[in-house]
Amino acid sequence: MNGAKPDPKRYYILILLTIVYAFNFIDRQIIGILAPYIQADLKLNDGQLGLLAGFYFALFYTFVGIPIAWLADRYNRVTIVSVCLALWSGFTAASGLAGNFLQLSLARMGVGIGEAGGSPPSHSMISDLFPKEERGKALGIYALGIPFGIMIAYFASALLLGQPSLDWRAVFIAVGIPGVLFAGFLKLNIKEPTRGAMDTVHANVTKVSVWTALKQLLTIPSWWGMCAGISLSSFGAYALSAFVIVFLVREYPEATTAANMPLLLIIFGLINGVAYGGGAFVGGMIADKWGRVTKGGYALTPAWGMLIASPCLILSFWVGNLPFALLLIAVYLFFSGFFLGPSFSVAQTLAPISVRAMSTAIFFFVLNLVALGGGPSYVGFVSDAFAKTYGELEGLRLAMTTLAVPYALSIIAFFLTARTLPGDWLKSEARNEGTAG
């Protein structure tokens, strides 16, 4: 820290950006919540559902993210976030007008294009508002947009699906329109932060190419270690978000009737808001505190969190008791939330100031190509393959159980990164305190 005075409105800005991130996950999660209704209406199999929730969305999200981050490292980040929020929310509303698989696929691709411009500029702005010693907490708060967005998506679905005259299409439209309106509010209420304000007194930030940014990041092993850890952890998380309601409908048909479904969705919303939200906040706090002892704490926090979380999730598919299954999923969500703040914080802190938005974009490129594109698509196709022999329920149960493999690999990645992170952290301090590029 160089003595630069923090922006007095930094927490206000952080809250607004967190709300934007919540809209991101409202629009992303809604496809999984409404999956049973969409499958029944449009006659989709698990493989097609996996493509909608995974590959088709992630294809554009990942590849568009890098050019948008290139713009964010050069131009007004508030404008970029506002325009992208309006874009993805508009396409979410348009999803409710889809009449077949192709039309819904095109709408989800549009959502992916818009969402690509949300996090990279936001992470960059947050890093210009908070010093590196507080970024784990700040980005942990920002990461609360994930559980809160998911919670709101469940609540909205429960409310609307509880009305006999409304269907899944109305839910898409209802959650999409508010995002378009909030985009205008955001643009009018946030001022562009000064780049590098929390790292160097004279932030003469050099603008670099994508290739230069990638070459710089390739020299930082811990950056890639955290990227691998969060990508493999999220592989299972995104698969769960796409198929958990489908699984529960098949496993517990008596508890998921039209009359009971709104209550189940409310319970799931609360689990995500309280357990996952609490885990994201607590994980950021633990990482910052552990990081004062050893910078490896930023990797050890998610490592131990996933070591507790992943067995609980796998067990939840086999217990055959809905309350117990929900309890295990809640434990999973709490401890899996530990990886959010620390991972995002490391991605920003280790990156040169001049490529911070690009750092997040490349981070998310790998994360979403592997996790968002791979997780739901993998489970969908494996489920269809197993279903030929074991039936739809057992096919999906077995497909979800195989997620134990990427979870184990993620734990290994985090523990290995804890060994290299202290050295890489010192190098980043020397680089970013000495120059802005």
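For the reader, a short list of remarks on this structure follows.
- L49 surrounded by fewer than 24 Cβ atoms within 10 Å (Cβ to Cβ) and hydrophobic (A, V, I, L, M, F, W, C): no
Let's see how each residue does on (1) in contact (Cβ under 8 Å) with a residue 40 or more places away in the chain; (2) buried (at least 22 other Cβ atoms within 10 Å of the Cβ); (3) farther than 30 Å from I173 by Cβ:
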position: F60; (1), (2), (3): yes, no, no
position: V64; (1), (2), (3): yes, no, no
position: W70; (1), (2), (3): yes, no, yes
position: S119; (1), (2), (3): yes, yes, no
position: S122; (1), (2), (3): yes, yes, no
position: F130; (1), (2), (3): yes, yes, yes
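- Selection status of N204, surrounded by fewer than 16 Cβ atoms within 10 Å (Cβ to Cβ), modelled with pLDDT under 90 and touching a Leu at 6+ places or on another chain (Cβ under 7 Å): no
- Of the residues making up the stretch 115-137, just one is farther than 12 Å from A72 by Cβ, assigned to a helix (DSSP H, G or I) and at pLDDT 85 or above, namely I126.
- Flag for K5 being at pLDDT 85 or above and of a type in the set (K, R): no
- First in the stretch 368-384 and modelled with pLDDT of 90 or more, second anywhere and among the polar types (S, T, N, Q) and not in a helix (DSSP H, G or I), Cβ under 8 Å, 6 or more apart: G380/N45; V382/T402; D384/N45
- On the stretch given as the stretch 9-51, residues that are within 23 Å of G90 (Cβ to Cβ), modelled with pLDDT of 90 or more and among the acidic types (D, E) total 1.
- Matching residues, the stretch 157-187, being modelled with pLDDT under 90 and either surrounded by fewer than 16 Cβ atoms within 10 Å (Cβ to Cβ) or charged (D, E, K, R) (or both): L159, G162, Q163, P164, S165, L166, D167
- The residues of the stretch 383-423 that are within 24 Å of F57 (Cβ to Cβ) and touching an Asp or Glu at 6+ places or on another chain (Cβ under 9 Å), listed by number, are S383, D384, F386, A387, E392, G395, L396, A399.
- Any hit, the stretch 221-240, residues being surrounded by fewer than 20 Cβ atoms within 10 Å (Cβ to Cβ), over 20 Å from the mean Cα position of the chain (by Cα) and over 16 Å from L333 (Cα atoms): yes
- Number of the exception - G114 against (1) under 22 Å from I245 (Cα atoms); (2) small (G, A, S); (3) within 16 Å of the chain's Cα centre (by Cα): (1)
- Residue satisfying all of: in the stretch 307-346; of a type in the set (F, W, Y) and within 21 Å of the chain's Cα centre (by Cα); modelled with the lowest pLDDT among these: F344
- Filter result (in a helix (DSSP H, G or I) and of a type in the set (D, E, K, R)) within the stretch 19-48: D27, R28, D41, D46
The values are calculated or read from the model by the stated rules, or taken from the named source; none is laboratory data. It should be emphasised that the depicted structure is a prediction, and the values quoted were computed from it without experimental measurement. Every residue, glycine as well, gets a Cβ built from its backbone with ideal geometry; the counts of neighbours run over all protein chains shown.
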